[in-house]
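Asker: Take this structure, written in structure tokens, and hold onto it; I'll ask about it next.
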Amino acid sequence: MAYQRMTPAEAAALISDGETLATSGFTPSGSPKGFFRALSKRAVALHDGGQPFQIGLITGASTCQSIEGDLAAARALKFRAPFSTNKDFRVHTNLGEIDYEDMHLGHMAERLRHGFYDKLDWAIIEVSDLVEGEDMCKAYLTSAGGITATAVRLAKRVIIEHNTFHSPLSRLLHDTYEPTDCGYGRMPIPILTPKDRIGDNFIAIEAWKIAAVVETCLPEEARTFGAPDAATTQIGQNVAEVLARDLQMGRIPKTFLPIQSGVGATGNAVFKALAASKLIPRFHVYSEVVQDAAIHYMLEGKVIDASATAMTVTNERLKMVYDNIDYFAKHLTLRQSEIANSPEVIRRLGVIALNTALECDIYGNENSSHVCGSTLMNGIGGSCDYERNGFISIFTTPSTAKNGTVSAIVPMCCHVDSTEHDVDIIVTEQGIADLRGKGPMRRAEEIIENCAHPDYRPLLRDYMKHIAPMGHEPQSMRAALAFHDTFLRRGDMRLTDFGEYLK
């Protein structure tokens, strides 16, 4: 059976105003790009002609400029979930134009299955190959799993973007599995090691659902992260130091534990430091994503096996995987995101969670999504899936931002994504604050003295003097606001004037 072939523009014309679309992909990896480029152009043309056109968009994680960025700029997004890192999306969301639900990535597929988002009109998915059966299509995903299996099963119709940029051998990396519904009798997810495979390497789609197949050859819109600088390099070394210490103390088994790391330059720097450490043995990765560094150290043998839901890598590194597919098929597994981010599996494996914060406060709460409390920077992504359920939960951040004019260690986070109860260790380039087994006042001392930049320690110490004693966990909104105002006006106010300011 030959499925209906369409151009991207013809497929985009099938979408009606007000419909909800779900996509494949996780980060820019595995996202269908050709179709959405045409959809954004159609939205602009309709708006120019005075016709309304807005859609709901549900994805596995952040996507790419060709999806959420261009759609946001075209004012074609009415609703969006669960995560974004895109600048254009951020601008239009902060203007109040997009109804955005920031949600844990590990929850999305199950929320879809139980109807939290009502109807799902379309699933738009990218594949490296497909087998066109009379009743059923076998679709082989590219560089990410995401929520694809659930999306195609629930959607009324499906559009397949066959992207020949990807090797059809990408099928050898995938393990597609949907858990049974929650309730009595729900079966455990049978993953006992990071390399276990428990499902199929394809997604089955009922043939009657497939409205179109779009042929493209488009590279990933990969993000390139800068080389480690002095701060991120030191952060990586500090993380390696604290984990080596836990290993020597017997807190971590001698065989070590799987590592999870978020996306970014700091994550790559941490992998480099772990790989260089003579005290840390070869280790496994169980994570949302594998970045360039993880792929590199897999080839070198420092990373034994890796499990993730996406290869968030450059196109050059992606080609390296395809060129060495016999090796990576044995050592790299790409899963659906609810399995990669499953609390059950994360807890069972004892994953060491490593994520990045925008700011941390003196008690260990962290903010990774909003600037000044209200302005969206990113969503929370999957960090809380791992931090809350990980064996050790670590947040990293440079001690300052904006060329030293802003402290990342603050009296009170202006927005909280992970509470103090889920944060074990905070690491900056200044040092390590191990918060385990410590109450609020000892936590505050650890964080101020070990993680804050020396320029801001006097202010933070002064803050503590002005709020103590005020209960178990002293806080003062007035004093915290004064702290923020003081460092925001450092050109006009000496640090020693903080006490006078409070008067």
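Asker: Out of segment 170-182, which residues are closer than 18 Å to R335 by Cβ and either open to solvent by 70 Å² or more (accessible area, probe 1.4 Å) or assigned to a helix (DSSP H, G or I) (or both)?
Answerer: Correct list: S170, R171, L172, L173.
Asker: Please go through segment 183-198 and give me each residue that is among the hydrophobic types (A, V, I, L, M, F, W, C) and open to solvent by less than 70 Å² (accessible area, probe 1.4 Å), ordered by number.
Answerer: Correct list: I189, I191, I198.
Asker: Looking only at segment 318-328, how many residues end up being open to solvent by 40 Å² or more (accessible area, probe 1.4 Å), assigned to a helix (DSSP H, G or I) and either of a type outside the set (S, T, Y) or in contact with a strand residue (DSSP E or B) (Cβ under 9 Å, 6 or more places away or on another chain) (or both)?
Answerer: Counting residues in segment 318-328 that are open to solvent by 40 Å² or more (accessible area, probe 1.4 Å), assigned to a helix (DSSP H, G or I) and either of a type outside the set (S, T, Y) or in contact with a strand residue (DSSP E or B) (Cβ under 9 Å, 6 or more places away or on another chain) (or both) gives 4.
Asker: Now for a separate question. Give me a count of the residues in segment 76-130 that are touching a Lys or Arg at 6+ places or on another chain (Cβ under 9 Å), closer than 29 Å to D181 by Cα and of a type in the set (A, V, I, L, M).
Answerer: Residues flagged as touching a Lys or Arg at 6+ places or on another chain (Cβ under 9 Å), closer than 29 Å to D181 by Cα and of a type in the set (A, V, I, L, M) within segment 76-130 amount to 5.
Asker: Further question on the same structure: Please go through segment 241-256 and pick out each residue that is open to solvent by less than 10 Å² (accessible area, probe 1.4 Å) and either small (G, A, S) or not in a loop (DSSP other than H, G, I, E, B) (or both).
Answerer: Those that are open to solvent by less than 10 Å² (accessible area, probe 1.4 Å) and either small (G, A, S) or not in a loop (DSSP other than H, G, I, E, B) (or both): V242, L243, A244, D246.
Asker: Across segment 183-210, what is the number of residues that are under 24 Å from Y3 (Cα atoms) and in a loop (DSSP other than H, G, I, E, B)?
Answerer: Number satisfying all stated conditions: 2.
Asker: Of the residues F35, F79, only one is among the aromatic types (F, W, Y) and either crowded, with 21+ Cβ neighbours inside 10 Å or touching a residue at least 60 places away in the same chain (Cβ under 8 Å) (or both); which?
Answerer: Answer to the check: F35.
Asker: Of the numbered conditions (1) crowded, with 19+ Cβ neighbours inside 10 Å; (2) assigned to a helix (DSSP H, G or I), V91 fails exactly one; give the number of that condition.
Answerer: Exception for V91: condition (1).
Asker: Which one of these does I235 not meet: (1) under 22 Å from the mean Cα position of the chain (by Cα); (2) part of a loop (DSSP other than H, G, I, E, B); (3) at pLDDT 95 or above?
Answerer: For I235, the exception is condition (2).
Asker: For A61, indicate whether it is crowded, with 21+ Cβ neighbours inside 10 Å and in contact with a Phe, Trp or Tyr (Cβ under 7 Å, 6 or more places away or on another chain).
Answerer: yes
Asker: Of all strands (runs of 3 or more DSSP E) completely enclosed by segment 259-317, which ones contain at least 2 residues that are crowded, with 24+ Cβ neighbours inside 10 Å and free of Cβ contacts under 8 Å to residues at least 60 places away in the same chain?
Answerer: The strands (runs of 3 or more DSSP E) meeting that bar are 303-308.
Asker: If you check every pair at least six apart or on different chains, which have Cβ atoms under 9 Å apart with a residue in segment 214-232 that is charged (D, E, K, R) first and a residue that is at pLDDT below 90 and open to solvent by 50 Å² or more (accessible area, probe 1.4 Å) second?
Answerer: Filtered contacts from segment 214-232: R223/V263.
Asker: Please determine, by comparing only the residues of segment 157-169 that are in a loop (DSSP other than H, G, I, E, B) and open to solvent by 10 Å² or more (accessible area, probe 1.4 Å), which one is nearest to T309 (Cα to Cα).
Answerer: If we take residues in segment 157-169 being in a loop (DSSP other than H, G, I, E, B) and open to solvent by 10 Å² or more (accessible area, probe 1.4 Å), then S167 is nearest to T309 (Cα to Cα).
Asker: Would you confirm whether or not segment 225-236 contains a residue that is over 24 Å from T400 (Cα atoms) and in contact with a helix residue (DSSP H, G or I) (Cβ under 9 Å, 6 or more places away or on another chain)?
Answerer: no
Asker: With respect to E221, determine if the residue is open to solvent by 20 Å² or more (accessible area, probe 1.4 Å) and under 30 Å from R5 (Cβ atoms).
Answerer: Yes, satisfied.
Asker: With (1) modelled with pLDDT of 85 or more; (2) surrounded by fewer than 19 Cβ atoms within 10 Å (Cβ to Cβ); (3) not basic (K, R) as the list, and A468 as the residue in question, which single condition is left unmet?
Answerer: (1)
Asker: So if I check each of E101, E68, which one is open to solvent by less than 20 Å² (accessible area, probe 1.4 Å) and without any contact (Cβ under 8 Å) to a residue 24 or more places away in the chain?
Answerer: Answer to the selection: E68.
The values are calculated or read from the model by the stated rules, or taken from the named source; none is laboratory data. None of these values were measured; they are calculated from a predicted model. Neighbour counts run over all protein chains shown; Cβ positions are idealised from the backbone, glycine included. Ligands, DNA and RNA are stripped out before the accessible areas are found, and what is left, the full protein with its side chains, is counted by its heavy atoms. Shrake-Rupley method; radii C 1.70, N 1.55, O 1.52, S 1.80 Å.
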